[in-house]
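**Q** The structure is given below, and queries will be raised subsequently.
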Amino acid sequence: MDYAMIGKIEKAKRYAEETERITFHNFMLEFKGDNNTYTITYSSEGWDCTCPGFRAHGICPHIMACERIFEKMLKRAPLPYAPGQNVVSDIEKAKRYSEELDRMRLISFDVTFAGDNGEHHTSYSEDNGWDCSCDFYKSRGTCCHSMALERILKGMIHLHPTAHP
């Protein structure tokens, strides 16, 4: 391993502790709830979840868990509680879900990463793997931004076998 790569690994460790550097623009994830598996999307238009609770109230424990996990990276106020929502039960469930990261599988996302040397666009999809606008990624196929996100997202990423590194 060369010194440039060692430096990027060290920077990635530091960046992973500074999640406020990251801004999610959109993501799609699969969420294994207690009763079923749902798809959650986050974008400039807001949140969506395929669960019945979200359809009824515009908020659900799955999204509440995502808000807890990705809090500093969303740059958006949490969704308000809804009339008729079982708030206490949903809060308890969301807290438990946010501690059980193996329930979530990120399918794709796009973020802006405020690095030491400027802003970089980093993206991921299960089918195509990582991409980053930084020069190091373009020459090596990995970078401190993708490595930091891998640390932060703790096993929620599962590359398709044919995806590039």
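The values are calculated or read from the model by the stated rules, or taken from the named source; none is laboratory data. Given the structure is predicted, the values throughout are model-derived calculations rather than measurements. All Cβ positions, glycine included, derive from the backbone under ideal geometry; neighbour counts span all protein chains shown.
**Q** If we scan segment 31-42, do we find a residue that is in contact with a Phe, Trp or Tyr (Cβ under 6 Å, 6 or more places away or on another chain), surrounded by 15 or more Cβ atoms within 10 Å (Cβ to Cβ), in a loop (DSSP other than H, G, I, E, B) and in contact (Cβ under 8 Å) with a residue 24 or more places away in the chain?
**A** No, that holds for no residue.
**Q** Continuing with the same structure: Out of everything in segment 83-140 that is among the polar types (S, T, N, Q) and within 14 Å of residue 27 (Cα to Cα), what residue ends up being surrounded by the most Cβ atoms within 10 Å (Cβ to Cβ)?
**A** 122
**Q** Identify, by number, the condition in (1) modelled with pLDDT under 95; (2) surrounded by 14 or more Cβ atoms within 10 Å (Cβ to Cβ); (3) under 12 Å from the mean Cα position of the chain (by Cα) that residue 154 doesn't meet.
**A** (2)
**Q** What about residue 109, is it at pLDDT 95 or above and of a type outside the set (S, T, N, Q)?
**A** Yes; evaluated as a whole, the condition is true for this residue.
**Q** Residues in segment 14-28 that are buried (at least 20 other Cβ atoms within 10 Å of the Cβ) and not basic (Lys, Arg): how many?
**A** The number of residues fulfilling the criteria is 3.
Yes/no matrix, rows are residues, columns are (1) among the aliphatic types (A, V, I, L, M); (2) closer than 30 Å to residue 139 by Cα:
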position: 13; (1), (2): no, yes
position: 27; (1), (2): no, yes
position: 46; (1), (2): no, no
position: 54; (1), (2): no, no
position: 58; (1), (2): no, no
position: 73; (1), (2): yes, yes
position: 82; (1), (2): yes, no
position: 93; (1), (2): no, no
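**Q** Being surrounded by fewer than 13 Cβ atoms within 10 Å (Cβ to Cβ) and of a type outside the set (S, T, N, Q) is the requirement here; does residue 53 meet it?
**A** So residue 53 does not fit the description; no.
**Q** If you take the residues in segment 44-89 that are β-branched (Val, Ile, Thr) and touching a residue at least 12 places away in the same chain (Cβ under 8 Å), which one is farthest from residue 23 (Cα to Cα)?
**A** Here the residue is 50.
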